[in-house]
Amino acid sequence: MKSKVLLSKDEQGWREGPSFRPAAQFEGARHGQAYKTGDRGLGYYSERPAVWRGKVNLGKRHAPLHLIEGDMLEVTPELVAAATFVTDGRFDLIYDCDALVSLPPESWKQRESWQPSRQHAEPSRCI
């Protein structure tokens, strides 16, 4: 992957760049945020969601490959459309590594039985 771009959401929708909340002193850990001095000063900067942009070699041609890193509840058609080349907001695959880690191996088969199996699955609250 060539580049990682952080994304944040405001009143107009998703945009490139991290969200920022100024804080003169550390106020405790925040999920998905880092307390640091950055371009906008000292405070909490978001670390997710992010899109990794690259290309995949398909023989004589290349195709874009965009991977979204973030909480699965944030992955909406609006985020996909803003972050990737897919303007209709549809996607092919969701991989939730935390969910796979939290499920014991003997239950993976059962989990597969309730998975939606559509070529272009609409985003939902399940994996």
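Just so you know, all these numbers are worked out from the coordinates, no wet-lab data involved. Since the structure is predicted, the reported quantities are computational estimates derived from the model, not experimental observations. Backbone-built Cβ (ideal geometry, glycine too); neighbour counts: all protein chains shown.
Just need a number here: residues in the stretch 17-39 that are part of a loop (DSSP other than H, G, I, E, B) and closer than 26 Å to MET72 by Cβ. Steps first, answer last, please.
So in the stretch 17-39, the residues part of a loop (DSSP other than H, G, I, E, B) come out as 17-19, 23-32, 39.
Checking the rest, the ones that are also closer than 26 Å to MET72 by Cβ come to 17-19, 28-32.
Residues meeting the conditions: 8.
Taking the stretch 44-97, which residues are part of a strand (DSSP E or B), hydrophobic (A, V, I, L, M, F, W, C) and out of contact with any helix residue (DSSP H, G or I) (no Cβ under 8 Å at 6 or more places or on another chain)? Give the steps one after another, and end with the answer.
Step one: filter the stretch 44-97 for residues part of a strand (DSSP E or B), giving 44-46, 50-57, 62-69.
Narrowing further to those that are hydrophobic (A, V, I, L, M, F, W, C): 50-52, 56, 63, 65, 67-68.
Answer for the stretch 44-97, where residues must be part of a strand (DSSP E or B), hydrophobic (A, V, I, L, M, F, W, C) and out of contact with any helix residue (DSSP H, G or I) (no Cβ under 8 Å at 6 or more places or on another chain): ALA50, TRP52, VAL56, ALA63, LEU65, LEU67.
Among the listed residues LEU42, LEU7, which satisfies the condition of being surrounded by 13 or more Cβ atoms within 10 Å (Cβ to Cβ) and in contact (Cβ under 8 Å) with a residue 40 or more places away in the chain?
On the way: LEU42 fails: in contact (Cβ under 8 Å) with a residue 40 or more places away in the chain.
Answer to the selection: LEU7.
Looking only at the stretch 55-84, which residues are more than 16 Å from LEU6 (Cα to Cα) and among the hydrophobic types (A, V, I, L, M, F, W, C)?
Step one: of the stretch 55-84, the residues more than 16 Å from LEU6 (Cα to Cα) are 55-65, 73, 77.
Once the filter is applied, which keeps residues that are more than 16 Å from LEU6 (Cα to Cα) and among the hydrophobic types (A, V, I, L, M, F, W, C), the stretch 55-84 yields VAL56, LEU58, ALA63, LEU65, LEU73.
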